[in-house]
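Novice: Sharing a structure below in structure tokens format, with a few things to ask.
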Amino acid sequence: MKFNKKLENINTYEAGKPIELVVRNFGISPKDIVKLASNENPYGCSPKVQNAVAKMVPNMALYPDDSMLKLKNALIKKYAIGDENLIIGSGSDQVIEFIIHAKADETSKILMNSVTFAMYEIYARHVGAEIIRTASQEHNLDEFYELYKKENPDIIFLCTPNNPTGDAIDVREMTAFLEKIDDDTLVVIDCAYMEYGAYKDARKKVVPGELLKKFENVVYLGTFSKAYGLGGMRVGYGISRQNIIEELYKLRPPFNITTLSLEAASVALEDEEFVNNCIALNFEEMKRYEEFANEKKIVIINSYTNFVTLCLNSTQKSTELSDALLRKGMIVRDLSGYGMNAIRVTVGTKEQNSRFFELASVLL
Ligand SMILES: *Cc1c(COP(=O)(O)O)cnc(C)c1O
């Protein structure tokens with residue numbers, strides 16, 4: 001059977017391995033498995049969210065509120081933006097899909113960092129767009145600008161803080177960069193980890209309302225999957241000018257967010273204290289990873305997120321290390337697929353991190 005030619009060379013997205021798979025493959029009991037592979041909030045979500053969602057369970061027979069009024073109002077208030085500036089997706093992943101499908105086709109070019117979130121490339125391939133990458137591992141905006149001038153891309157992706165390296169762009173530098181970009185080029189600023197980045201360093205804090213005022217070609221992306229602890233609920237959003245949001249809406253399937261997810265995300269925004277406590281704990285625990293890396297003489301990238309990237313010495317192979325950890329029930333992310341001899345480890349709870357140090361100590 002013939003299929004869409006554009007799909008021929010797409011490698012499917014490799015998600016962090018689920019706990020169930022490790023149970024099945026290695027016969028390890030679920031209670032002995034620690035998953036530090038997908039940058040979920042190890043403390044979960046606010047208890048208020050759990051209560052609110054439980055109350056919505058009897059409503060499951062009905063379709064969700066497709067206007068998403070409650071969640072939209074909460075986000076509009078949080079960011080001081082208008083209703084016409086917002087679109088909600090089933091994860092910010094879905095908004096990335098809308099953006100690429102709305103703006104690009106097989107004649108388009110999409111510029112992104114050498115090492116960055118894998119889904120940009122996968123969606124770019126859906127439409128047959130050409131992918132252009134910088135050479136630097138961390139976002140180097142001079143290099144982005146050089147490539148912008150040379151290639152004239154239709155879309156530029158900036159991911160700050162970046163996944164899977166954890167580095168973040170200085171907002172003043174980013175603003176200066178955006179000022180030099182033509183309005184016909186759409187710039188997507190993926191801020192999946194912005195809650196962490198903004199907490200660590202105010203100079204990294206991207207404010208979507210300010211971008212909106214200044215620039216007519218920028219989309220800000222946020223998600224509830226990371227700091228808000230709602231990865232299982234699949235809610236993300238895009239913020240941009242009205243004409244861009246209207247284009248994205250043309251691609252949105254009806255009822256793309258479930259009733260329970262809408263409720264969870266709305267209530268999560270009412271308990272910022274919970275999220276802030278989690279973020280504070282994250283950076284406390286991250287210090288232990290920095291000490292560990294120092295002790296083991298391996299490079300750790302300065303992280304503005306809830307994960308750390310450990311760059312191994314040439315004598316060690318990240319694939320072997322992550323496999324050895326997996327056999328012990330410790331799930332981390334091997335970054336060899338990104339061309340790095342490194343592993344990415346989500347900063348977990350105190351106990352989870354201690355377990356990582358215990359297992360990794362023997363192997364490193
Ligand atoms: C996790 C992540 C997302 C998307 O998460 P969703 O669960 O789809 O909202 C987007 N960008 C980056 C960089 C991420 O790490």
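We did not get these values from a lab; they are worked out from the coordinates using the rules stated. If you're wondering where the values come from, they're calculated on a predicted model, not measured in any experiment. For neighbour counting, all protein chains shown are included, and Cβ atoms are generated from backbone atoms with ideal geometry for every residue, glycine included.
Novice: For D65 paired with S361, estimate the spin-label separation in nm (one decimal), with each label point 7 Å from Cα along the Cα-to-Cβ line.
Specialist: 5.2
Novice: Find out how many positive minus negative residues lie around R203, taking Lys and Arg as positive, Asp and Glu as negative, among other residues whose Cβ is under 9 Å from that of R203. Let's see the in-between values first.
Specialist: Working: positive: R172, K204, K205; negative: D170, D201.
My count for the surroundings of R203 gives +1.
Novice: Going by the alpha-carbon gyration tensor, a ≥ b ≥ c the square roots of its eigenvalues, is the range 104-150 rounded (a/c under 1.5) or, if a/c is not under 1.5, prolate (a/b greater than b/c) versus oblate?
Specialist: Oblate.
Novice: Going through the DSSP H helices of the chain, which span 30 Å or more along their own axis at the Cα atoms while scoring at least -1.0 as a mean Kyte-Doolittle hydropathy?
Specialist: On the way: long enough: 272-296 (36 Å, -0.93).
TM-like helix candidates: 272-296.
Novice: Also, quick follow-up: What does the helix-only formula give at 222 nm for the chain: each DSSP H stretch with n ≥ 4 adding -39500 (n - 2.57), the total divided by the residues, and the result rounded to the nearest 500 deg cm²/dmol?
Specialist: After summing the helix terms and dividing by residue count, I get -12500 deg cm²/dmol.
Novice: Classify the range 126-237 as rounded, prolate or oblate, taking a ≥ b ≥ c as the square roots of the eigenvalues of its Cα gyration tensor: rounded when a/c is under 1.5, otherwise prolate if a/b is larger than b/c and oblate if not.
Specialist: Prolate shape, in that a/c is at least 1.5 and a/b is the bigger ratio.
Novice: Could I ask something else about it? Highest mean first, what order results for 323-331, 209-217 on Cβ atoms within 10 Å?
Specialist: Numbers: 323-331: 18.2, 209-217: 16.0.
Highest-to-lowest ranking by the protection proxy: 323-331, 209-217.
Novice: Still on this structure, please answer the following. Along the Cα→Cβ direction, 7 angstrom out, place labels at N51 and I131. What is the inter-label distance in nm?
Specialist: Once both label points are built, they end up 4.5 nm from each other.
Novice: Between E20 and V207, what's the calculated FRET efficiency when r is the beta-carbon distance and R0 is 35 Å? Round to 0.05.
Specialist: 0.30
Novice: Dividing the alpha-carbon Rg of the chain by 2.2 N^0.38 Å yields what?
Specialist: Dividing the Cα Rg of the chain by 2.2 N^0.38 Å gives 0.99.
Novice: Work out the FRET efficiency for T315 and L7 from their Cβ-Cβ distance, taking R0 = 35 Å, and round it to the nearest 0.05. Walk me through the numbers on the way to the answer.
Specialist: Values: r = 39 Å, r/R0 = 1.12.
Efficiency, rounded to the nearest 0.05: 0.35.
Novice: Please tell me which of these pairs span more than 24 angstrom C-alpha to C-alpha: K70/K350; K48/K72; K226/K317; K78/K226; K149/K200?
Specialist: K70/K350; K226/K317; K149/K200
Novice: Cα centroids of the range 233-260 and the range 133-192: how far apart, whole angstrom?
Specialist: That distance is 23 Å.
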